[in-house]
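Working notes, structure below.
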Amino acid sequence: MCGLDKGFQRRVIGETTASITLDCREPCWIALRRDGTVEFEGILETSRTVEDTEGVEIYPGRPDLLTLRRAGNEPITLGSINDLRWYSLNPER
């Protein structure tokens, strides 16, 4: 099982009001970067919550398998299988 490295978890799980939960229907490759620096690259197998999403972006290998859920909102699928790009996790966007 591969998850977010502990350093990244310490930086993104802190005292903030914005959080996003990443869910995958099956294991899928993702990369997460904060302010242009890649902080995680690997297989997402379980749900992960990212706090303090300011400046955080995700590049999913399979956008059609990955959903984002903000507190109080319905989950959304990032895109189709061909929508390969960096997606901002900034809650205001």
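Here are the numbers:
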| quantity | calculated |
| --- | --- |
| Residue 21 vs. criteria surrounded by fewer than 17 Cβ atoms within 10 Å (Cβ to Cβ) and closer than 12 Å to residue 66 by Cβ | yes |
| Yes/no for residue 72 being within 13 Å of the chain's Cα centre (by Cα) and free of Cβ contacts under 8 Å to residues at least 40 places away in the same chain | no |
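One line per residue, one yes/no per condition, for (1) in a strand (DSSP E or B); (2) open to solvent by 60 Å² or more (accessible area, probe 1.4 Å); (3) small (Gly, Ala, Ser):
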| residue | (1), (2), (3) |
| --- | --- |
| 46 | no, no, no |
| 50 | yes, no, no |
| 54 | no, yes, no |
| 59 | yes, yes, no |
| 64 | no, no, no |
| 68 | yes, no, no |
| 72 | no, yes, yes |
| 80 | no, no, yes |
| 85 | no, yes, no |
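The values are calculated or read from the model by the stated rules, or taken from the named source; none is laboratory data. Predicted, not measured: the structure shown is a model, and the values here were computed from it. All Cβ positions, glycine included, derive from the backbone under ideal geometry; neighbour counts span all protein chains shown. Ligands, DNA and RNA are stripped out before the accessible areas are found, and what is left, the full protein with its side chains, is counted by its heavy atoms. Shrake-Rupley method; radii C 1.70, N 1.55, O 1.52, S 1.80 Å.
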